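The structure under discussion appears below in the form of structure tokens.
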Amino acid sequence: MMGPAHSLSGAAAWLGVGAAMAAAGEPMPWPVLVVGALICAGAALAPDLDHKSATISRAFGPVSRVLCGVIDQLSHSVYKATRGHGDPRRNGGHRTLTHTWLWAVLIGAGTSALAVTGGRWAVLGILFVHLVLAVEGLLWRAARTSSDVLVWLLGATSAWILAGVLNEPGNGADWLFSGPGQEYLWLGLPIVLGALVHDIGDALTVSGCPILWPIPVGRKRWYPVGPPKAMRFRAGSWVELKVLMPAFLVLGGLGGLGALEFI
């Protein structure tokens, strides 16, 4: 799928989790619901770090372009080193390593560890990166026509404000993990969810997605998971624009209302 659809699906997924958690008796404080949805929207773009033409490659100027090139090479190297007898040869690393459940879990766990050990500046950095990505994905028309500096300033300002809100007592710094020293441990959860939602979205397209790696399926270690080919669509097609994106908006709205009802 394209960047805007990925971001919408990420935000909708977190809002749906918010509704489910509220129904289960663990309601999210509203700052956690809002910040988590924005982080998840940004994280839903992150698996495309292996693609030099993806939205994320433009988000942070030369830094993200260089990083995308490095991740592409790393992913390609891992693919070549681990491919099974049934896996085809590839010229690049797109839709390989960063499009797996293992990558999602490792990135989420690393983010949680950074948030817990790095203090306020680590939390601000995590928020800044994902809020910039959320702007690029959710407000893509405005982001494309404005300067990168304005998008970065919006991300930095929003990160500063939201970090301050979260840090207020009862606003969610210790949501779900309330033990000593576990503040912001939950920040990894929307990142894992965003990456997995991205992978599921890509699995619906023509090429499928190797979500299960390194678990082999038949003779393939990089098996392209997806529905029957007749049910798949091309990225950017009318199915994505006219069906899925409106559906994500509706589902996200219903999830948000369900979550807020219990707060």
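The values are calculated or read from the model by the stated rules, or taken from the named source; none is laboratory data. Quick caveat: nothing in here was measured; it's all calculated off a predicted structure. Cβ: placed from backbone, ideal geometry, glycine included. Neighbour counts: every protein chain shown. Ligands, DNA and RNA are stripped out before the accessible areas are found, and what is left, the full protein with its side chains, is counted by its heavy atoms. Shrake-Rupley method; radii C 1.70, N 1.55, O 1.52, S 1.80 Å.
Of the residues making up region 33-59, those that are touching a residue at least 12 places away in the same chain (Cβ under 8 Å), open to solvent by 40 Å² or more (accessible area, probe 1.4 Å) and over 13 Å from the mean Cα position of the chain (by Cα) number 4. Taken together, 134, 163, 159 contain a single residue that is farther than 22 Å from residue 4 by Cβ and buried (at least 20 other Cβ atoms within 10 Å of the Cβ), which is 163.
Of all residues in region 176-187, those that are part of a loop (DSSP other than H, G, I, E, B) have Cβ atoms under 6 Å from Cβ atoms of residues that are open to solvent by 70 Å² or more (accessible area, probe 1.4 Å), 6 or more apart or on another chain, in 183/174.
For region 218-230, the set of residues classified as open to solvent by 50 Å² or more (accessible area, probe 1.4 Å) and either without any contact (Cβ under 8 Å) to a residue 60 or more places away in the chain or assigned to a loop (DSSP other than H, G, I, E, B) (or both) consists of 218, 219, 221, 223, 228, 229, 230, listed by residue number. Of all the criteria given as (1) within 19 Å of the chain's Cα centre (by Cα); (2) at pLDDT 95 or above, the one not satisfied by residue 78 is (1). Figure legend. Inter-residue proximity from region 136-152: first residues touching a residue at least 40 places away in the same chain (Cβ under 8 Å), second residues surrounded by fewer than 19 Cβ atoms within 10 Å (Cβ to Cβ), beta-carbon distance below 6 Å, spacing 6+ or different chains. Indicated pairs: 148/61. In the set 235, 173, 247, only one residue is more than 30 Å from residue 31 (Cα to Cα), under 21 Å from the mean Cα position of the chain (by Cα) and among the small types (Gly, Ala, Ser); that residue is 235.
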